1. Quick one: if you stick a label point 7 Å off each Cα along the C-beta vector at residue B:347 and residue A:34, how many nm between them?
2. Output the antiparallel fraction of DSSP beta bridges having both residues in segment B:182-333, as a percent to the nearest 5.
3. Round to a whole angstrom and tell me the spacing of the C-alpha centers of segment B:343-417 and segment A:41-114.
4. Which order results if B:385, B:16 are arranged by neighbouring Cβ count within 10 Å, fewest first?
5. By how many nm would the segment from residue B:1 to residue B:334 grow when fully extended, if each residue of separation counts as 0.36 nm and the alpha-carbon distance is taken off?
6. Going by C-beta contacts inside 10 Å, put A:41, B:231 in order with the fewest on the left.
7. Report, for segment B:262-380, the % of DSSP beta bridges that are antiparallel, rounded to 5.
8. Taking springs between alpha-carbon atoms closer than 10 angstrom, which of B:374, B:90, B:360 fluctuates most in the Gaussian network model of chain B?
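What follows is calculated from the coordinates using simple rules that are stated; it is not laboratory data. These numbers were taken from a predicted model, which means no experiment stands behind them. Here the Cβ is made from the backbone with ideal geometry for all residues, glycine too, and neighbour counts use every protein chain on show.
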């Protein structure tokens, strides 16, 4: 499996879907490239222009709490982010991210500082902070979610298999 | 093995024994999306090459979040949804009919159903004893087409309720208290199962308020047993045939049990910017409020308006504090008109907006200005939630909302009763 490499953009606890794509921008949800310019705007207005392909969004507790809007992981992925790292993640965001083919890695993000260079080995379940030398591990995904992620998300999975074959 | 309500519903649905922790693929009895998640649902459905809905009578699109539309792009999204409904024959609930969760409760949800919606507050239907949970647009597009979805059978936390609410205290205070106690991630991936003596006398509107906010503790479900109160509610809604009893088994296994004596509760408020930032109304008496918002899928029902009316009747809102009232559905609006509640509220200074989500998510009908504070009966107070990241949202009960409208500051309703 792939190795991901990029810079950490560190956010705090309780980053809600309103921080990621606020309701006031609902009129842009049918114009995703425009919506993506506002990704995480209410948490860090400079994020959208600083993030580079491959970078990581690094949250604290309960990342992605709130709404069911799939646009939240969708615009994070569109911004080029290769994975979301967090201490814990809200249920619907987690499911939506995997459905969109965006890996979510649960790990002790206290060990990572804003701006650190990270290297993630998805197969080995390990994260190396190349800036401070910290070695971290993350829990493997539940098998059903891994099966969806392996196909690139829910819709590609269903297109291929025609049905759920998860039990 | 004895089952929780969540386990029991999935056992019945699948016709075999299932327990917490298992992955199951379950048929769904109802799948829906609304106007801010529906357009992506429709695009994913079409992009996947799906040709036919699994059951057009159990597929619903609700136009409620931006209803009527405040913006051209959202009006165009509405066209997309109306066209999809015309093309597939699915059910369309157009602007002005009300919030999806209220209409699901009034017209659709049955005890024992599995319900999925592209809206996090789909959990509301747990009040009727349904296994109801929110998902994203892709999941709902697949549920539309296949009539099924996958779940991890959740563990349950038992919330054992006893005693009676003191005057001025209601279901909203209970659920805010609980979220404050366990935190905004206190029930992540789990079901909150409510039960105990106090549930036997708890009204359906109260149950809907509580189930609605289960997701604010991270829960997958907020679920009640179905009982005589459920039966009466379904009868009142004109569908007595939809009733069937669902109760947990004695000895079912719970992740933990939390006991709450309703008699010990006081008017409770969630402060900005998280729902678990909870305190008592009386601790916030100096906080100036510019807008009071009474409505939403949490507290926009007739019982909620009735509480506000009992406080506002013959009184006026404080100068400098506006009161926005949004009935949760057309049915609630009609009933409030007939009983005279609307007249009383308007005479007190309220403005009434069309049934729907109203100001809750920051799109229209009460967006806040810089530095303004709103006391809202809704379910979320995240930064930027009501349309402006430089504003502040406090969450409270209809009684606290009405008392606050009168005084212009966060008020303990027991002082005006």
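1. 4.6 nm
2. Here the share of antiparallel DSSP bridges comes out near 35 percent.
3. For segment B:343-417 versus segment A:41-114, the Cα centre distance is 31 Å.
4. B:16, B:385
5. Going from the current span to full extension adds 115.2 nm.
6. Going from sparsest to densest Cβ surroundings: B:231, A:41.
7. 20 percent
8. Evaluated over chain B, the most mobile residue of the options is B:90.
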